[in-house]
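Inspection log for the structure reproduced underneath, given as structure tokens.
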Amino acid sequence: MKYCKCCILPDTKPGVRFDAEGVCSACRSVELKHTIDWNARASKLKEICDEVRGKNGSGYDCIVPVSGGKDSMFQVYMMSQVYKLKTLAVIVVPHLQTVEGIENLNALVENLGVDLIKISPRPSTLQKIRKKALISIGNPNYAEHRVVFAAVARAAIFYGAPLVVWGEDIGTEFGGTVAGSSLTGSAEDLINNDLFREADFDDFVKNLIPENELFFYHHPEKAEVEKNRVKSIYLGFFLWWDGYKNYEIAKKYGFSGRKAGPLSGNIINYDNIDEKLCEIHNWLKFLKLGFWRPTDEACYQIWNGRMTRAEAVGLVKEKQYEFPIEYLDEFCEYHDISRDQYFSIQEKWRNLDIWHKPNGIWRLKEELN
Ligand SMILES: [Zn+2]
């Protein structure tokens, strides 16, 4: 493993490239972000909003997918309060919500004064898909994004909303390649990605789930989306995106971080706190790729000028081996496995190219430095 000289991302992160100076593509994206004419981008967003406002008669102007997290609160705030669009928030309800997740979602509806539609995919279906994904690909959240994208697109068509407003483009915000990211702010590529993955997914659920249980897992056809003139955008393309600033705004509308402080392995208490199954999914990423939450969180602080690399190295080294114990029992119960079964499954996914076990304790061969 090799670590970026500016942030602390390792070269095991899919999609990240390192240049001759040992700097990762995520850091180069951050440099590019500073050269963007943000006023011009904001004007473009205003144009889009002016175009859709009232276009759907007495119906909704836009749909904002929400999770109950700080970013979704910021998205709803921008659309409903700043750009004055009639906003419908849509949530695909997490399987195991936390108390904070429920309270923050309630605060969003109440304090930002918007309607909320909750879509709860049939638990038994999702449970079967998750269990197979945990055991066979070490990726229990495999179907989650798929449900969110598909369900939101279906809601947009159903309610005739001309605009769907996503948050950040993960390709640019979290260290993907700039070239592969949207250059127009359009999130239409979500559809292509989804359709592209359709074949894999069909194979994955074959003989596992009957077709009539998969409505919310299938994205509407591109032609249907186009016929309904649904436009999808990333807000992060038009406005400087910074999770911490979003958090500051969300707090004014009643958002609160995790009351008991950061979860094991985390260095902040205000991100990914709305549900309980994601932590172990992320821990499995640590076993496969050698980094997880603390690295992601620290890099984000470095990129936004709130942490030095040396501070990040110290914090991550201290935190990254903490197993996310908090929701282990609920994770096991949800997937109908014992703790022992979980630990034997997780070992299947440990990448022995990057891990070793000196003195009986698993450690990365190449420690962060
Ligand atoms: Zn970097």
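At a glance:
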item	result
Beta bridges per DSSP with both ends in the chain, % antiparallel, nearest 5	30
In nm, spacing of pseudo-spin labels at F158 and R17 (7 Å Cα→C-beta vector)	4.2
Calculated [θ] (222 nm, deg cm²/dmol) that DSSP helices of n ≥ 4 give over the chain, each run adding -39,500 (n - 2.57)	-14000 deg cm²/dmol
Equivalent-ellipsoid semi-axes of the chain, from the Cα gyration tensor, Å, largest first	32, 26, 20
Positive-end residue, the chain charge dipole about Cα centroid, Cβ charges, pick of N139, P162, L289	L289
Once exposed loop trypsin sites (Lys or Arg not before Pro) are cut out (DSSP; at most 16 other Cβ, 10 Å), longest piece of the chain	85-205
Size of electric dipole in region 3-85: Cβ of Lys, Arg +1 and of Asp, Glu -1, about Cα centre, debye, nearest 20	140
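Every read-out reported here was derived from the displayed coordinates using simple, explicitly stated rules and does not represent laboratory data. Keep in mind it's a predicted model, so treat the numbers as computed, not measured. Reconstructed Cβ throughout: ideal geometry from the backbone, glycine too, with neighbour counts over all protein chains shown.
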